[in-house]
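Accompanying notes for the structure given below.
The values are calculated or read from the model by the stated rules, or taken from the named source; none is laboratory data. Just so we're clear, the structure is a prediction, and the values are computed from it rather than from any experiment. Neighbour counts are summed over all protein chains in view; Cβ atoms, including those assigned to glycine, are modelled from backbone coordinates with ideal geometry. Side chains are part of the model used for accessible areas, which takes the heavy atoms of the whole protein and leaves out ligands, DNA and RNA. Shrake-Rupley method; radii C 1.70, N 1.55, O 1.52, S 1.80 Å.
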Amino acid sequence: MPTPSDRGAPPDRTPLEPIRVLRPRRTDALAELMKDLPPRAPVRYESFALPGRPSGTEDATEELPPVRDDRDRARSSRDVPRGRVPGLRRTAIAAAVTAAAVIGFGGALLLAGRAENTAAAAPQPTSTTAATPTPTPTASGAADPDGPGTLRQGDSGPEVTDLQERLRHIPNVYDNGSTDGTYDTTLTAAVARFQLWYGIRGDEDGVYGDDTRRDLESRTGGG
């Protein structure tokens with residue numbers, strides 16, 4: 001077991017020496033130096049009255065016109081074309097427009113007078129034949145756009161009964177529906193539902209046309 005070294009004996013290692021020593025900076029040295037300086041004498045200013053403006057100077061003052069140099073004179077001379085008088089072109093254009101307007105107005109008056117004379121000289125033809133009435137075509141019944149034998153709301157009869165019986169064979173379309181042979185709103189909704197579920201687009205919604213009849217008969221047996 002090692003024995004501890006004596007506390008009073010110096011260690012075998014080389015002692016560390018300080019590289020940089022920090023000392024508190026004295027901030028009151030400048031104040032002490034300022035105290036030693038002699039006080040400065042205050043600066044005094046001398047006041048004096050300004051001389052008054054001589055009388056009559058404002059009345060005698062005149063504004064002189066601006067002096068034009070050689071550059072301005074050369075620029076103004078270039079702006080005006082040689083051999084032309086300023087404003088002559090506008091005057092000529094205005095005179096030409098006025099003359100054209102007068103000529104056009106006179107020509108219109110002459111044409112109007114000739115047209116009146118021609119109309120007065122031409123004899124008016126007399127009508128000798130009576131107007132024959134044109135026959136009006138009688139309205140014929142328009143063909144149904146969904147094909148012949150189309151059934152829609154408001155119809156009734158055995159064909160409507162056949163439609164109701166066929167729809168009852170289609171699941172969830174006309175379950176427990178009436179077979180009284182009347183095309184009512186309930187039957188219209190069932191036909192529209194059948195058309196929507198089976199993708200029938202050739203007929204109007206809720207109208208039992210050729211396309212709907214053909215698809216329904218193919219699913220429930222021939223007619």
Checked segment 163-210 for anything touching a residue at least 40 places away in the same chain (Cβ under 8 Å), under 52 Å from the mean Cα position of the chain (by Cα) and open to solvent by 50 Å² or more (accessible area, probe 1.4 Å); matches are GLU204, ASP210
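I'm trying to understand the selection: among the residues of segment 211-223, which are basic (Lys, Arg) and buried (at least 16 other Cβ atoms within 10 Å of the Cβ)?
ARG213, the sole residue that qualifies.
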Which residue pairs have Cβ atoms closer than 8 Å, lie 6 or more positions apart in sequence or on different chains, and pair a first residue in segment 84-111 that is exposed (fewer than 10 other Cβ atoms within 10 Å of the Cβ) with a second residue that is modelled with pLDDT under 85?
PRO86/VAL80
Go through the residues of segment 11-27 one by one and say whether even a single one is open to solvent by less than 100 Å² (accessible area, probe 1.4 Å) and at pLDDT 75 or above.
no
